[in-house]
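Please treat every number below as a calculation from the coordinates, not as lab data. Quantities reported herein were computed from a predicted structural model and do not represent experimental measurements. Note that we place each Cβ from the backbone using ideal geometry, even for glycine, and neighbour counts take in every protein chain shown.
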Amino acid sequence: MKRILSLLLVLSIVAAFVGCGSKGSTNNPSDTSEPHNGSQPQTASIPLTIWTDFTPRSEEGFRASLDAFVAENPQYIPEFEIFPGADRAQKLALAKQAKALPTLMFAASFTMMDYAHQGMLLPITNEIEPILSDYPQHIMDASSISGEYYMFPVYQSPFLLFYNADIFREAGLEEYISESQDVPAEWDFDDYVNIILPTLKEKLAGTEKYPMALFTGNDQADTNNHSWLRIYGGTVFKDGRVVAGEDENTIKALDTLSDWVKEGYTNSDAATKLGTEALVDFQNQLVAVCWGNQINFENLQNSVKNGSLDDFDFRVALVPKKDSQTMAMYYYGGFLMNTDEKQIEGGRQYLSWLAQQKDGVYKDLSLMCMPCSLSILEDVREERPIYQEYLRLSEYVYDFTGGVPGYVETRSLFFPALQSKLSGAQSSAEALAEYTEKANKIIDTYTSNSAAIK
């Protein structure tokens, strides 16, 4: 009997120890009680995932920002991925299907705003309003729908023309060369048509070089062609609709582009030429005037500095327009994806935190090109004077997307219309009328199904 009682006593003591041990070693990630061994409290583990198709040199800045943010907010587990812009649409589509969207996506606004209409983005108006005064209005207009802001602005890239100043000098066109690389040229439209292009054609005759690059091979860098279609004051978009086929000045502009091809002012294969091919021609000093944006321009400057590109005098110019000038802008920023509540809250906290880092990681990311922040632009006034020139010229900025729902999808119709005219298959009026009709159907579908339009 005593042996039985002793055994029961031992078992009860063991059970007590086991019970205490189970209670003190819980695997519940939300348990923040102090462990007996004196180690740090356990904290919740919430993913904070950032994806971006920014330039590869942004990776260091993003990783530094995540490390600093998580040091202050240890409940989040940082995850980061960078990939080419060409992969963006497929990656987001697959992530949506798998219910594995990132917390934040950093990309160009024109590539992302359609996702707001699809319900994949959430507005960040509350995070933007405290810092709204630090950004030009044209940036905020391009990232808003029905009064809600969807993009946290980081940097911008003016879209304009590159020109080879060495070729201009050889052609006797010195007066059309700006005073330095930091000052964009502003050519008079009539001078461009009647003096610059004919002179370049004459000077370059009999060589492999040509005056101006024109391309409609695919839907990349379509901004350049939107700018050219505005040379007589016309437009592709107006009041949320495509109006290119109804605007006589837009039709006239496409006729002019076709005439330039026939006159030998451009490459003869404009209907099939790719924008990337045109830019390579410019790098190889085969074309005098080419499309480009500020990111491309700074990349060219860096290539010359590191010796990977032969040095030559290249500069920027606005697209000449009858009695005016034209300049488009690419805006790059962060977008809050529609994920679960904890990730959404983490994304909002990160953006609010990032906005306070204007002397740190936010400034570093902003300087991937021209900062969106006016205060950061002022800080770099002396070291990057060309940005102040772009601010001075901001009156010429237009929204090449028209702010229309479904813009990215309408791009697939834009280039076939231009190709149809340049190849001789249709007149400008016919090609643009067909594009207008089909594009507006896309816009109507997006509008009727939009999760963002109120």
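Structure notes:
- Charge context of Gly403, other residues only, Cβ under 14 angstrom, K/R +1, D/E -1: -3
- Burial order of peptide ranges 410-418, 194-202 (average beta-carbon count within 10 Å, highest first): 410-418, 194-202
- Tensor-based shape of the stretch 237-338 (alpha-carbon gyration tensor, a/c under 1.5 rounded, otherwise prolate or oblate): oblate
- Calculated [θ] (222 nm, deg cm²/dmol) that DSSP helices of n ≥ 4 give over the chain, each run adding -39,500 (n - 2.57): -13000 deg cm²/dmol
- The stretch 277-391, relative contact order [Cα under 8 Å, separation at least 6], %: 13 percent
- When the charge dipole of the stretch 198-239 is built from unit charges on Cβ atoms (+1 for Lys and Arg, -1 for Asp and Glu) and taken about the Cα centre, the candidate among Ser227, Gly206, Thr216 whose Cα reaches farthest toward its positive end is Gly206.
- Gain upon complete extension [Val183, Thr207; 0.36 nm per residue less C-alpha separation]: 5.7 nm
- 16 Å Cα-Cα reach of Lys321 towards lysines, excluding residues that sit fewer than 8 places from it in its own chain: Lys252
- Cα centre as origin, Lys/Arg/Asp/Glu Cβ charges: the stretch 318-440 dipole, Debye: 220 debye
- Computed from backbone phi with θ = phi - 60° and the Karplus coefficients 6.51, -1.76 and 1.60, the 3J(HN,Hα) list for the stretch 278-292 is 5, 5, 5, 4, 5, 4, 8, 6, 9, 9, 7, 10, 9, 6, x Hz; x is used for glycine and proline.
- Degrees separating the helix 2-24 axis from the principal Cα axis of the chain, which is the longest one: 20 degrees
- When the Cα positions of Gln426, Ala171, Met105 are compared along the charge dipole of the chain, Met105 comes out farthest toward the positive end, with charges on each C-beta of Lys, Arg, Asp and Glu.
- Quick note on the chain: its Rg to Rh ratio, both from C-alpha atoms and Rh being the Kirkwood radius, is 1.13.
- Three-way shape label, the stretch 340-452, alpha-carbon gyration tensor, a/c 1.5: oblate
- Given charges at beta-carbon only (K, R positive; D, E negative), |dipole| of the stretch 70-137 in Debye: 380 debye
- Counting charges near Leu286 (Lys, Arg +1; Asp, Glu -1) among other residues having Cβ under 15 Å from its Cβ returns a value of -3.
- The relative contact order of the stretch 359-454 comes to 19 percent, based on Cα pairs under 8 Å that sit 6 or more residues apart.
- Relative contact order (%) - the chain, alpha-carbon pairs under 8 angstrom, separation at least six: 25 percent
- Ala452 sits among other residues whose Cβ lies under 10 Å from its own Cβ, and their net charge, with Lys and Arg +1 and Asp and Glu -1, is -1.
- Prolate/oblate/rounded label for the stretch 111-259 (Cα gyration tensor, a/c 1.5): prolate
- Ranked by how many other beta carbons lie within 10 Å on average, peptides 243-256, 374-387 from highest: 243-256, 374-387
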